[in-house]
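**Student:** Pasting in a structure now, in C-alpha cells, and then I'll have a few things to ask.
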Amino acid sequence: MTSTPPRLDNRTAAPAVRTPWRPPLAATLVVGLALLVGTVLVCVTIGPADIAVPDVARSILGHLGLGPAAGADGGVPVLVDAIVWDLRLPRVLTGAAVGAGLALAGAVMQSLTRNPLADPYLLGLSSGASLGAVAVLVVGVGLLLPVAAFAGALAALVATLSLARVGGVLTPGRAVLAGLAVSQLAAAGTSFVIFWSATGDSYREILNWLLGSLAGSTWQSVLIAGVALLVVGTVLVASAVRLDAFAFGDTAAAALGVDVDRTRWVLMTLVALLTGAMVAVSGSIGFVGLVLPHAVSAITGPAHRRLLPVVAVVGAIFLVWADTGARTVFDPRELPVGIVTALIGVPVFAVLLRRGKGSAWT
Amino acid sequence: MDLRIAGVGTRLGGRWVVDGVDATPPPGALTGLLGPNGAGKSTLLRLVAGLLPPEAGAVLVDGVPVHDVPRRERARRIALLEQESSSTVPLTVREVVALGRIPYRSLWGTDGDDGAVDRALAVADAAHLADRPWSALSGGERQRVHIARALAQEPELLLLDEPTNHLDVSAQLSLLGFVRDLGRTTVAALHDLNLAAAHCAHVLVLSEGRLVAAGDPREVLTADLVRDVYGVEAVVLTHPGTGRPVIAFGAAPAGTPLDRTPVTEGAR
C-alpha cells in the first residue's frame, strides 16, 4: 500500500470532444469586413426601385468627391442618387452600427454578469432607453435624445440588478425575471407617454419604439450610432483581457489583479451608454445582443480579444439583412425589424435554456 | 517569499471572523490551514491574498503590507484558488490556464511569454488535457488545471481553498502530494485532518477566527486539540509506514493501547 505511489489522473478516458479549429483573428476580420461592405452595397440595391450595385458605388463615390457628382456627366441620375444617398444608405449604415453596438453590448453583459442570457433587451436596458427617449421627445428637446436614452438605460440596469438581488444571490434566472418586470414597466411608461401626447399615428409610433425600427434613419442617426459605436466599442475591445478574467467569477478576477468593482461599474455604464445611443436611433430591437455572442464564440472561442471585434462585425451584417427583410418581404408593408430579430432570436433563446438545464441557472 | 501574518483580523456583519491571527508559514513548504466550517479559513486566505483589507493587523510579504502592493504586481506574486471555482464559459483547458497570464498581459492582450502556459501545464501534469474542453474534465482534473492556472501566474505564494473537495481518495492524495513537491510556499485550507497530517510541513489551526495551534502536525494534532476545536473524540495513531499521525475518530476505550489494530466493524 505504502510502496505504490498514488495514481495520477486517469488517462484512459479518450478526449471526447476536440477543440474546434479556430481561424486566425486577422483573417476572420478581413473576411467579415469584406462581407459587411458587400452587405451594405447589396442591401442598398434591394427595394422597390431598381438600383444596381454600380449605381450605389457611383453615388457614394460622387458624394465623397471621388467621382462625378449625381446628375453630372458620368454620375448617377439625380433620382437614383436621392434614393441611395438620402433614403437607403443612412438606413443601412444605421442598421450596421446598431447591430454592431447591440451585439457588443450583449457580449460584454454576458461576461460581466456571468449570465449567458444577459442582453440589453432581456435585462430591460432597451425599454428603459426607449422610455427616456420618448420622454424628451414629448418635451421637444430632440438634441437630448441620446442622453435621455442613456439615462433611461442606466436607470433600468440599476433597477434590474437591484430587483434581482432582492432577497438572494444574483442568478441568471432571477436577472432575466427582474429584467422582464423592469422592461414591462418601461414599455408601459413609453406607451403611456406616447398616448398622452401623440396627435397622429400613435400606435405605429409605439410599435416602432417597443419593437424597434430603422425606418426613420437619417444621416444624423448614422452619426449618433456610429460615434457611440466607435468610441465605446474601442474602449470595450481594449477591456477584453479584463473581461476574460471574469470567467471564473469575481474572486478569481480579483486574484488575477483586476479591480472588480471598478471594472464592472465602468463597463456596465459603457454598455448602458452604447445601448442608449442605439435605442435613440432605432427603438428597442431585441435578441441581437443575446444571439450573436453565442453564435460567434462558437467560431472565435470565448477569448474577448477575438470575440468582441468579430461579434461587432457579424452583428452589423446580421441587422442589415434583418432590416432588409423587414422592409421588403411583405412589400409594400413594412415590419418593425424587432419582429424579424425575435423570430430568429427566440428559438436560440430556447436552445440556450435547454443547454443550461441542470446547471445553477435558476 | 517571506510571509508574515501579523495580528490580522477582519469583521463580517459585526463579528470578528478572523481575529488577531499571528503566524509565519515556512517558506518553500506546504502549510495546512485547519479548522471547522466557519472558523475563518477562507476569509484568512483572502486577507493573505490581499483581496480583503484587514481591519486589524497586517499581512506582510517581504515586509510590505500585502494590501498596499499594486493589484497586478500582487497577482504576479500571489495566486489564490477559491473553493468551488466553476464557469459557464466554454473554455478549453489551455484557455483556462492562460487566464493565469492576465497579470502579465498588456492592454491589447500580448503577453510575450507563451511558454509559461506550457510550463504550468507540464508541471501540473495536465499537458495531455490542454486541448480538451474544461467542462468535460473530472473533478480531479479540474483541480489540477486550476493549479496549472495558478502556476501560470508564476507566483511566489500559492493559496488554495479546500483544493481536495469532492475528489476521490486517489485524486486527493495525488493532488496534495504534488502540491507539496512543488517546493513553493503554499497555504492550503483543508478539511481532512489525515490528509493534512500526511502532507503538511506545518499546520495552522483556526477556531472561531482565532489561531489556536500552529506548528509541525506531529506535535500539533493531538486528541485534545481535535476535541477542543472540532468537539469530536479521537485517537491519534502513528502510521506504521510513514510515521505521520493518523487520526481515528471515536473515543478510545479506557486502557486501550494507542497502536492497536483497528476493530473490523465493517463486516456487519
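**Student:** Name the single residue, out of those in region B:83-93 being farther than 20 Å from A:Val237 by Cβ and surrounded by 22 or more Cβ atoms within 10 Å (Cβ to Cβ), that is farthest from the other protein chains (Cβ to nearest Cβ).
**Tutor:** The first filter runs over region B:83-93 and keeps only residues farther than 20 Å from A:Val237 by Cβ, leaving B:83-88, B:90, B:92-93.
Filter again for surrounded by 22 or more Cβ atoms within 10 Å (Cβ to Cβ), leaving B:92-93.
Working: B:Thr92: 5, B:Val93: 9 Å.
Across region B:83-93, the extreme among qualifying residues is B:Val93.
**Student:** If you go through region B:68-82, how many residues are more than 7 Å from chain A (Cβ to nearest Cβ) and more than 14 Å from B:Val145 (Cβ to Cβ)?
**Tutor:** Residues that pass the stated criteria total 7.
**Student:** If the requirement is being buried (at least 20 other Cβ atoms within 10 Å of the Cβ) and either in contact with a helix residue (DSSP H, G or I) (Cβ under 9 Å, 6 or more places away or on another chain) or at pLDDT below 95 (or both), which of these qualifies: B:Ala197, B:Ala201, B:Ala248?
**Tutor:** Numbers: B:Ala201 fails: buried (at least 20 other Cβ atoms within 10 Å of the Cβ); B:Ala248 fails: buried (at least 20 other Cβ atoms within 10 Å of the Cβ).
Among B:Ala197, B:Ala201, B:Ala248, only B:Ala197 is buried (at least 20 other Cβ atoms within 10 Å of the Cβ) and either in contact with a helix residue (DSSP H, G or I) (Cβ under 9 Å, 6 or more places away or on another chain) or at pLDDT below 95 (or both).
**Student:** Any chance you could count how many residues in region A:35-55 are in contact (Cβ under 8 Å) with a residue 40 or more places away in the chain and either charged (D, E, K, R) or touching a Pro at 6+ places or on another chain (Cβ under 9 Å) (or both)?
**Tutor:** So the answer is 1.
**Student:** Something else now. So which residues in region A:233-256 are of a type in the set (D, E, K, R) and under 13 Å from A:Leu307 (Cα atoms)? Before the answer, list the steps.
**Tutor:** If we filter region A:233-256 for residues that are of a type in the set (D, E, K, R), which is where we start, we get A:242, A:244, A:250.
Passing the criteria: only A:Asp244.
**Student:** Could you please give the count of residues in region A:292-301 that are surrounded by 24 or more Cβ atoms within 10 Å (Cβ to Cβ) and either within 14 Å of another protein chain (Cβ to nearest Cβ) or at pLDDT below 90 (or both)?
**Tutor:** 2
**Student:** Say whether the condition of being of a type in the set (Ser, Thr, Tyr) and in contact with a Phe, Trp or Tyr (Cβ under 9 Å, 6 or more places away or on another chain) is met by at least one residue in region B:88-96.
**Tutor:** Going residue by residue through region B:88-96, those that are of a type in the set (Ser, Thr, Tyr) are B:88, B:92.
The next check asks that each one be in contact with a Phe, Trp or Tyr (Cβ under 9 Å, 6 or more places away or on another chain); those that pass are B:88, B:92.
The answer is yes; a qualifying residue exists.
**Student:** A:Gly338 - would you say it is surrounded by 24 or more Cβ atoms within 10 Å (Cβ to Cβ) and either more than 24 Å from A:Ala156 (Cα to Cα) or within 18 Å of the chain's Cα centre (by Cα) (or both)?
**Tutor:** Details: surrounded by 24 or more Cβ atoms within 10 Å (Cβ to Cβ): yes; either more than 24 Å from A:Ala156 (Cα to Cα) or within 18 Å of the chain's Cα centre (by Cα) (or both): yes.
Yes: the conditions hold for A:Gly338.
**Student:** Kindly provide the set of residues from region B:130-143 that are more than 8 Å from chain A (Cβ to nearest Cβ) and either farther than 18 Å from A:Arg22 by Cβ or free of Cβ contacts under 8 Å to residues at least 24 places away in the same chain (or both), ordered by number.
**Tutor:** From region B:130-143, those more than 8 Å from chain A (Cβ to nearest Cβ) are B:130, B:134-135, B:137, B:139, B:142-143; that's our starting set.
Across region B:130-143, the qualifying residues are B:Leu137, B:Gly139, B:Arg142, B:Gln143.
**Student:** Next up: Between B:Val18, B:Val59, B:Val66, which is free of Cβ contacts under 8 Å to residues at least 60 places away in the same chain, surrounded by 14 or more Cβ atoms within 10 Å (Cβ to Cβ) and touching a helix residue (DSSP H, G or I) at 6+ places or on another chain (Cβ under 6 Å)?
**Tutor:** On the way: B:Val18 fails: free of Cβ contacts under 8 Å to residues at least 60 places away in the same chain; B:Val66 fails: touching a helix residue (DSSP H, G or I) at 6+ places or on another chain (Cβ under 6 Å).
Answer to the selection: B:Val59.
**Student:** Taking B:Pro53, is it away from every other protein chain (no Cβ under 14 Å), part of a loop (DSSP other than H, G, I, E, B) and of a type outside the set (Lys, Arg)? Break it down into steps so the answer makes sense when it comes.
**Tutor:** On the way: away from every other protein chain (no Cβ under 14 Å): no; part of a loop (DSSP other than H, G, I, E, B): yes; of a type outside the set (Lys, Arg): yes.
So B:Pro53 does not fit the description; no.
**Student:** Follow-up question, since we're still on this one. Taking into account only those residues within region A:84-115 that are more than 14 Å from A:Val313 (Cβ to Cβ), within 13 Å of chain B (Cβ to nearest Cβ) and in contact with a helix residue (DSSP H, G or I) (Cβ under 6 Å, 6 or more places away or on another chain), which is surrounded by the fewest Cβ atoms within 10 Å (Cβ to Cβ)?
**Tutor:** Only one residue tops the list, namely A:Leu112.
**Student:** Go through region A:132-164 and count every residue that is among the hydrophobic types (A, V, I, L, M, F, W, C), within 20 Å of A:Ser197 (Cα to Cα) and in a helix (DSSP H, G or I). Spell out the reasoning first.
**Tutor:** Looking only at region A:132-164, we keep the residues that are among the hydrophobic types (A, V, I, L, M, F, W, C), and these are A:133-139, A:141, A:143-145, A:147-151, A:153-159, A:161, A:163-164.
Checking which are within 20 Å of A:Ser197 (Cα to Cα) leaves us with A:133-139, A:141, A:143-145, A:148-149.
Keeping just the survivors that are in a helix (DSSP H, G or I) gives A:133-139, A:143-145, A:148-149.
Matching residues across region A:132-164 total 12.
**Student:** Among (1) within 21 Å of the chain's Cα centre (by Cα); (2) outside any loop (DSSP other than H, G, I, E, B); (3) more than 30 Å from B:Asp131 (Cα to Cα), which single condition is B:Gly38 missing?
**Tutor:** It is condition (2) that B:Gly38 fails.
**Student:** May I pose another question? Within region B:94-107, restricting attention to residues that are under 23 Å from the mean Cα position of the chain (by Cα) and not charged (D, E, K, R), which residue is farthest from the other protein chains (Cβ to nearest Cβ)?
**Tutor:** B:Val97
**Student:** If we only count helices (runs of 4 or more DSSP H) wholly inside region B:120-221, which ones have 1 or more residues that are of a type in the set (A, V, I, L, M, F, W, C) and under 16 Å from the mean Cα position of the chain (by Cα)?
**Tutor:** Values: elements: B:139-152, B:169-181, B:193-199, B:217-220.
Those helices (runs of 4 or more DSSP H) span B:139-152, B:169-181, B:193-199.
**Student:** If you don't mind, another one. Kindly evaluate B:Arg94 against the criterion of being without any contact (Cβ under 8 Å) to a residue 24 or more places away in the chain, among the basic types (Lys, Arg) and more than 24 Å from B:Ala189 (Cα to Cα). Outline the logic, then answer.
**Tutor:** Numbers: without any contact (Cβ under 8 Å) to a residue 24 or more places away in the chain: no; among the basic types (Lys, Arg): yes; more than 24 Å from B:Ala189 (Cα to Cα): yes.
It is false that B:Arg94 is without any contact (Cβ under 8 Å) to a residue 24 or more places away in the chain, among the basic types (Lys, Arg) and more than 24 Å from B:Ala189 (Cα to Cα).
**Student:** Something else now. Condition test on A:Ala26, is it at pLDDT 80 or above, within 14 Å of chain B (Cβ to nearest Cβ) and more than 30 Å from B:Thr242 (Cα to Cα)?
**Tutor:** Numbers: at pLDDT 80 or above: yes; within 14 Å of chain B (Cβ to nearest Cβ): yes; more than 30 Å from B:Thr242 (Cα to Cα): yes.
Taking the combined requirement at face value, the residue satisfies it.
**Student:** Residues that are surrounded by 16 or more Cβ atoms within 10 Å (Cβ to Cβ), under 18 Å from B:Asp161 (Cα atoms) and out of contact with any strand residue (DSSP E or B) (no Cβ under 7 Å at 6 or more places or on another chain): does region B:37-46 have at least one? If you could, list the steps in order and put the result at the bottom.
**Tutor:** We begin by selecting, within region B:37-46, every residue surrounded by 16 or more Cβ atoms within 10 Å (Cβ to Cβ); these are B:39-46.
Checking which are under 18 Å from B:Asp161 (Cα atoms) leaves us with B:39-46.
Imposing the further condition that a residue be out of contact with any strand residue (DSSP E or B) (no Cβ under 7 Å at 6 or more places or on another chain) reduces the set to B:46.
Scanning region B:37-46, I find at least one residue that is surrounded by 16 or more Cβ atoms within 10 Å (Cβ to Cβ), under 18 Å from B:Asp161 (Cα atoms) and out of contact with any strand residue (DSSP E or B) (no Cβ under 7 Å at 6 or more places or on another chain), so the answer is yes.
**Student:** Then there's this: Given the structure, is B:Val169 β-branched (Val, Ile, Thr), surrounded by fewer than 22 Cβ atoms within 10 Å (Cβ to Cβ) and closer than 24 Å to B:Thr43 by Cβ? Walk me through it before giving the result.
**Tutor:** Working: β-branched (Val, Ile, Thr): yes; surrounded by fewer than 22 Cβ atoms within 10 Å (Cβ to Cβ): yes; closer than 24 Å to B:Thr43 by Cβ: no.
In short, no.
**Student:** Inside region B:172-186, can you point out the residues that are surrounded by 19 or more Cβ atoms within 10 Å (Cβ to Cβ) and within 14 Å of chain A (Cβ to nearest Cβ)? Before the answer, list the steps.
**Tutor:** The initial filter retains those residues of region B:172-186 that are surrounded by 19 or more Cβ atoms within 10 Å (Cβ to Cβ), namely B:172, B:174-176, B:179, B:184-186.
Hits for region B:172-186 are B:Gln172, B:Ser174, B:Leu175, B:Leu176, B:Val179.
The values are calculated or read from the model by the stated rules, or taken from the named source; none is laboratory data. Computed from a predicted model, the values in this text were never measured in an experiment. All Cβ positions, glycine included, derive from the backbone under ideal geometry; neighbour counts span all protein chains shown.
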